[in-house]
Amino acid sequence: MKRILFFTRIISFCVIIQFVLVNSNSLLAQQNSIPTPESHFGFKPGTDKMLFNYESLIGYLQKLDDVSPRVKMIQIGNSPMGKPMYLVFISSAENIANLDRLKFINKELALNPNITEEQITEYISEGKVFALFTLSMHSNEVAPAQAAPLIAYEMITSNDNNLTKWLNDVVYMMVPNHNPDGMNMVVDHYNKYKDTKYDGASLPGLYHKYVGHDNNRDFVALTQDDTKAIAAIYNKDWFPQVMVEKHQMGSTGPRYFVSPPHDPIAENIDAGIWNWMKIFGANTITKMTKAGLNGVSQNYLFDDYWPGATETCIWKNVIGMLTEAASVKYATPIYIEPNELRAGGKGMGEYAKSINMPEPWTGGWWRLSDLMDYEMVSTMSYIETASIYRKEILQFRNDICKKEVNKGLTQAPYYYVFPKEQADQSELVNLVNLLNEHGIQVYELDKDIQIDNISYYKGDIIVPLNQPFRSFIKEMLESQVFPARHYTPGGLLIEPYDITSWSLPLHRGVKVKEINKNHEQFKNAYKPVAIPFTWYNSTNENYSSIILTSVNNASYKAIFTALNAGIKVEQITEDYVNNNSLIPAGSFVIQKGNTINKVLEVLNTNPIYITGEISAKKRVISMPRIAFMESWFHAMDAGWTRFVLDSYGIPFKLLRPVDIETTDLEKTFDLIIIPDEQKSVLIDGKYSRQNEQYFMSYPPEYLKGMGKKGLEKVLKFIDAGGKVIAWSDATELFAGLQSYSIDEKKTEDFEFPVKNISEEIQKSGFQCPGSLLKVELIKHPITYGLPGTIGVFHREGPIFRTWQPSFDVDRRVIGTFPEKDILISGYAENEEKIGEKTSIVWLKKGKGQVVLFSFSPQFRASTPGTYKLLFNSILL
């Protein structure tokens, strides 16, 4: 019997050995079939002077997906210029085969506050930490995407037992490039000038279809296709527990930045998120320093107060973090002298050994290959930390879900209620759809309610805060109050890294009521809204014309659609009463016809249907021929403006400032739009400040402005009947004394009676880093459809003073800051300094008109509440 048992064990042992050998051979065969990065690209990523483009990157990752069971790549959307965007998963073969189940567990932990103890024990035992890494959203920051093949290859071929364990506990998720369009623009530009005297020159224009560097400011408004694709990963699809956004920074400071950030931080975020950032950052800086990677910093420069970057995910309970690496000239090495190293910003007053940079880098050659090393070690460190704390991170994800839901039941505010009756109903419709895109549950009242003598009506929109993403709801729907923090008691203010206001209702001109008592009447009084949400539902056929009211942004989209289709559009030029309802001045009339469906299909609210004659005063409007001026100097405000114009169907022709001199403006155009840009850039093709010019690292063919002759042509264009709209710094073109040549012997001198006085106001203590300020409007065609008081997004822009005009020049002050209580949302210091000062000016010269705004009327496509100022100015 013992002999039989002995032989049975021998046979079993042999079977196990054979299984191990077969699987080892299979793994070895797979590894042998996995292409190295060098074999695919023809060089090792990180090699001096060598970059690959987006298609080559995706081609390599596709090869890995084809041959390795540890890799899966899926398409998640398309870039603004139509390139496919992908999400790559790398983990153990078992995890990759089980992604659907793991995805379900992620969703349950993230969104289900009612999981039983038994279920959560099961989910934590079975679940994995999903860590999302987004690479090179800023396309001149090439290193993260160039390092991606090295990281992927290491993960799927390494025999390191530690890495094997980490990837059994963690699913590494990688967006190989956040901005595919920009990646190719930068690589093509770099290769064009490589090994010439302009090697490493800046890319002219934007590295994106529209927004360039500001793609990292779009994770609230979600306007861009690439932003939408990435936000959906953590808003609605995969619910990762960890996110790391990988960037580069300037060349002469620390070599690397890891979490945690510096103050100020967002006050609506749970303390646990900040504490987890410290844990990840501590392990990362420790591992990087141990690997000999010096100059790694923490608590430096970058804060995490404002939402808009990819780290907006922290408001969705994701442990969201940032890394920043010191740049080279794309792939061209640079040499940094020790005296050139300096610190700049919060957390480090000097470039020296400190708690925030315990091992400084001392200077010397700095190469793209160095960045590869930093990216590799930092990535593995984040994965290791996620593995070490797998159970705790999964538990935390459900704990914070329960905590946020419970806050919504026990802490004010409890609800936000949007009355259905809004001045601009179309923007409320857009807001509802945006909240849904953010993973927020939105409802509508299904009956009338009265509470404390306030009536709420069936159809009103209601957003309860007992939701897992409560912190996002509260952050987005309340007005912002900046958390003033100081370096020492009573000392200098710690200034924000970016803007200080982003309230969705306020920026959109939408009314909302914050409910700070948990009224019983609201319970069971609402139902989910249908998505996509719309209030356009009319099937009315018995009408002769429609009226599109000037209070709705969607009306402008509809009339621009009509004008592009050759449909006649009239505008009512005075308030008009129809069937006891007030139709505001500026509203539009379109007669019923065969092509009217083209207009109706862009609406999200119902028009007013008319069966008889409209007796109001009207004028026929036409689409002006628009010249749109944009410099080569990464003009993000111009890019955002182009996006808004395209979104509303407003055609234009792009002109660079240098094109003005050779363009017949009067024959070709009716209107010139000049977004925010320095006067020196527009005139001379160079940046200057306080009479000091800055060297621009662009090839010389891009360093040209319109020149004095170009400006004279613009002034003649105005005098002959042309229109100009300009804002922010570009308004300096039209301030004060002006002159243009009539012929070789004659010139005309005149004065625009307006001046920017912001410099003296700032010296007196006024500061506004990006906030919503109150402006009072007069009745004027520029202000059609707007109330008497609005909020405008002001960011250190001009403040105007006007005076009595002369000759054929005139002016009107259209918008004025009130005497007091100017700040609506955000932060402003000494706001009274701009009390009763001018914000919007209309100018007349000869037959032409100029409209000047002290602010961008479309700031980052996030202020629809002031879009009408732009649209009305276009239609003047």
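Taken over the stretch 109-125, the criterion of being free of Cβ contacts under 8 Å to residues at least 60 places away in the same chain and not hydroxyl-bearing (Ser, Thr, Tyr) is satisfied by 114, 117, 118, 119, 122.
Screening the candidates 48, 65 for the property of being more than 25 Å from residue 156 (Cβ to Cβ), modelled with pLDDT of 95 or more and not small (Gly, Ala, Ser) yields one hit, 48.
Out of 569, 551, 599, which single residue is touching a residue at least 12 places away in the same chain (Cβ under 8 Å) and under 30 Å from residue 465 (Cα atoms)?
551
Sort through 427, 392 and tell me the only one that's over 15 Å from residue 315 (Cα atoms) and without any contact (Cβ under 8 Å) to a residue 24 or more places away in the chain. Let's see the steps before the verdict.
Details: 427 fails: without any contact (Cβ under 8 Å) to a residue 24 or more places away in the chain.
Within the list 427, 392, the selection yields 392.
Being open to solvent by 10 Å² or more (accessible area, probe 1.4 Å), of a type outside the set (Lys, Arg), under 17 Å from residue 678 (Cα atoms) and at pLDDT below 95 is a property that does not hold for residue 732. A residue that is under 30 Å from residue 203 (Cα atoms) and among the hydroxyl-bearing types (Ser, Thr, Tyr) occurs somewhere in the stretch 612-631.
Restricted to the stretch 575-669, the set of strands (runs of 3 or more DSSP E) holding at least 1 residues that are of a type in the set (Lys, Arg) comprises 618-621, 653-655.
Within the stretch 369-396, the set of residues being within 23 Å of residue 292 (Cβ to Cβ), among the β-branched types (Val, Ile, Thr) and open to solvent by less than 10 Å² (accessible area, probe 1.4 Å) comprises 379, 383, 385.
Listed here are the residues, each with its yes/no results for (1) open to solvent by less than 10 Å² (accessible area, probe 1.4 Å); (2) at positive phi; (3) not aliphatic (A, V, I, L, M).
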| residue | (1), (2), (3) |
| --- | --- |
| 819 | no, no, yes |
| 825 | yes, no, yes |
| 828 | no, no, no |
| 834 | yes, no, no |
| 840 | yes, no, no |
| 844 | no, no, yes |
| 860 | no, yes, yes |
| 867 | no, no, yes |
| 874 | yes, no, no |
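Collect the residues in the stretch 118-162 that are farther than 21 Å from residue 249 by Cα and charged (D, E, K, R), keeping them in residue-number order. Within the stretch 118-162, 118, 122, 126, 128, 154, 160 meet the criteria. Please work out if residue 232 is open to solvent by 10 Å² or more (accessible area, probe 1.4 Å) and free of Cβ contacts under 8 Å to residues at least 24 places away in the same chain. So residue 232 does not fit the description; no.
Among the residues of the stretch 195-227, those that are over 24 Å from residue 75 (Cβ atoms), part of a loop (DSSP other than H, G, I, E, B) and either touching a Leu at 6+ places or on another chain (Cβ under 9 Å) or charged (D, E, K, R) (or both) comprise 195, 197, 199, 220.
Within the stretch 456-480, the set of residues being without any contact (Cβ under 8 Å) to a residue 60 or more places away in the chain and open to solvent by 50 Å² or more (accessible area, probe 1.4 Å) comprises 457, 458.
When 149, 144 are screened for being closer than 19 Å to residue 230 by Cα and either touching a Gly at 6+ places or on another chain (Cβ under 9 Å) or assigned to a helix (DSSP H, G or I) (or both), only 144 passes. Reported count of residues in the stretch 397-438, each being β-branched (Val, Ile, Thr) and open to solvent by 10 Å² or more (accessible area, probe 1.4 Å), is 2.
The residues listed here are 269, 279, 233; of these, the one that is touching a Leu at 6+ places or on another chain (Cβ under 7 Å) and farther than 16 Å from residue 377 by Cβ is 233. The set of residues from the stretch 403-460 being among the hydrophobic types (A, V, I, L, M, F, W, C) and within 27 Å of residue 230 (Cβ to Cβ) comprises 405, 428, 429, 431, 432, 434, 435, 440, 442.
Restricted to strands (runs of 3 or more DSSP E) entirely inside the stretch 451-522, those with at least 2 residues that are among the aliphatic types (A, V, I, L, M) are 461-464. The single residue among 499, 461, 515, 473 that is in contact with a strand residue (DSSP E or B) (Cβ under 9 Å, 6 or more places away or on another chain) and farther than 30 Å from residue 856 by Cβ turns out to be 515. Residue 705 fulfils the conditions (1) in contact (Cβ under 8 Å) with a residue 12 or more places away in the chain; (2) more than 33 Å from the chain's Cα centre (by Cα) except for a single criterion, (2). Looking only at residues of the stretch 167-194 that are assigned to a helix (DSSP H, G or I) and farther than 22 Å from residue 247 by Cβ, we find that the one that is most open to solvent (accessible area, probe 1.4 Å) is 192. Just so you know, in the stretch 743-783 the residues that are in contact with a Ser or Thr (Cβ under 8 Å, 6 or more places away or on another chain) and acidic (Asp, Glu) include one that is least open to solvent (accessible area, probe 1.4 Å), and it is 748. Being out of contact with any helix residue (DSSP H, G or I) (no Cβ under 8 Å at 6 or more places or on another chain), closer than 15 Å to residue 633 by Cα and open to solvent by 40 Å² or more (accessible area, probe 1.4 Å) is a property that holds for residue 697. Which condition from (1) closer than 30 Å to residue 573 by Cβ; (2) open to solvent by 30 Å² or more (accessible area, probe 1.4 Å); (3) in contact with a Ser or Thr (Cβ under 9 Å, 6 or more places away or on another chain) is the one that residue 796 breaks? That leaves (1) as the condition not met. Among the criteria (1) open to solvent by 40 Å² or more (accessible area, probe 1.4 Å); (2) on the phi < 0 side of the Ramachandran plot, the one residue 552 does not fulfil is (1).
For residues in the stretch 534-549 being touching a helix residue (DSSP H, G or I) at 6+ places or on another chain (Cβ under 7 Å) and hydrophobic (A, V, I, L, M, F, W, C), which is most open to solvent (accessible area, probe 1.4 Å)? Full working, then the answer.
Start the filter on the stretch 534-549 by keeping residues that are touching a helix residue (DSSP H, G or I) at 6+ places or on another chain (Cβ under 7 Å), which leaves 534-535, 548-549.
Narrowing further to those that are hydrophobic (A, V, I, L, M, F, W, C): 535, 548.
Values: 535: 27, 548: 5 Å².
Among residues in the stretch 534-549 that are touching a helix residue (DSSP H, G or I) at 6+ places or on another chain (Cβ under 7 Å) and hydrophobic (A, V, I, L, M, F, W, C), the one most open to solvent (accessible area, probe 1.4 Å) is 535.
When the stretch 76-123 is filtered for residues that are open to solvent by 50 Å² or more (accessible area, probe 1.4 Å), closer than 27 Å to residue 468 by Cβ, not β-branched (Val, Ile, Thr) and not in a helix (DSSP H, G or I), the ones remaining, listed by number, are 98, 114. Among the residues of the stretch 31-75, those that are open to solvent by 50 Å² or more (accessible area, probe 1.4 Å) and in a strand (DSSP E or B) comprise 72, 75. Of the residues making up the stretch 801-831, just one is in contact with a helix residue (DSSP H, G or I) (Cβ under 7 Å, 6 or more places away or on another chain), assigned to a strand (DSSP E or B) and within 26 Å of residue 736 (Cβ to Cβ), namely 814.
The values are calculated or read from the model by the stated rules, or taken from the named source; none is laboratory data. Fair warning: this is a prediction, and the values are worked out from it, not measured in the lab. Quick reminder, even Gly has a Cβ in these numbers, built from the backbone with ideal geometry, and neighbours come from all protein chains shown. Quick note on the areas: whole protein, heavy atoms, side chains included, nothing else; ligands and nucleic acids left out. Shrake-Rupley method; radii C 1.70, N 1.55, O 1.52, S 1.80 Å.
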